[in-house]
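Take a look at the structure set out below.
The values are calculated or read from the model by the stated rules, or taken from the named source; none is laboratory data. Computed from a predicted structure; not experimentally measured. Neighbour counts are summed over all protein chains in view; Cβ atoms, including those assigned to glycine, are modelled from backbone coordinates with ideal geometry.
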Amino acid sequence: MSDSQFQIGDKVTAIYKTGKYIGEITDIRPNAILVRMLAVAKHPMQGDLHNPKQIDVGFFHQRRALAFREQANVPVNMVKPYDGDIPDYKESLREAVEKMKEDLDGGDSEWKEKSLEMIRGLEEDYFK
């Protein structure tokens, strides 16, 4: 599907930074599609996007998922049609966080431990 086939109101998946979301198109721009986020399919990775899975970086970022109904300009090639049911945002966020924690299990690394520390902080904020 080319970007000209997308229409405002279409339901899509959108990859933004390292997170994946389900949302709806609210605007089509020359180099991006504005997407309103309605659910989280994959929580963003923690740490430095330019040095993935490394801890010796200038600043180890705590990466939040985009909020319910938050809009983001997503590159056209990162947007795909979505035709399923849209899950509840809070429940999808909880599942995405749990999946990320499961994916971090196994192995022992400073990056994994720092990521889990960041996620615990996010959980306190997300689910208080």
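Put simply, of Lys99, Lys128 the only residue that is of a type outside the set (Asp, Glu), in a helix (DSSP H, G or I) and surrounded by fewer than 15 Cβ atoms within 10 Å (Cβ to Cβ) is Lys99. Any residue at all in the range 37-55 that's of a type in the set (Asp, Glu), farther than 16 Å from Ile25 by Cβ and surrounded by 12 or more Cβ atoms within 10 Å (Cβ to Cβ)? Yes, because at least one residue in the range 37-55 is of a type in the set (Asp, Glu), farther than 16 Å from Ile25 by Cβ and surrounded by 12 or more Cβ atoms within 10 Å (Cβ to Cβ).
A Cβ distance below 9 Å, combined with a sequence gap of six or more or placement on separate chains, defines the contacts here; from the range 106-118, residues that are basic (Lys, Arg) and outside any helix (DSSP H, G or I) reach no residue that is modelled with pLDDT under 90 and surrounded by 12 or more Cβ atoms within 10 Å (Cβ to Cβ). For the residues Ile22, Ile119, Ile55, the requirement of being of a type outside the set (Phe, Trp, Tyr) and closer than 17 Å to Ile8 by Cβ singles out Ile22.
Within the range 12-34, the set of residues being farther than 18 Å from Lys90 by Cα, at pLDDT 95 or above and not aliphatic (A, V, I, L, M) comprises Tyr16, Thr26, Asp27.
Residues are listed down the side, and each one gets a yes or a no for (1) in contact with a strand residue (DSSP E or B) (Cβ under 9 Å, 6 or more places away or on another chain); (2) more than 27 Å from Asp125 (Cβ to Cβ):
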| position | (1), (2) |
| --- | --- |
| Ile25 | yes, yes |
| Arg29 | yes, yes |
| Ala65 | yes, no |
| Gln71 | yes, no |
| Val97 | yes, no |
| Lys112 | no, no |
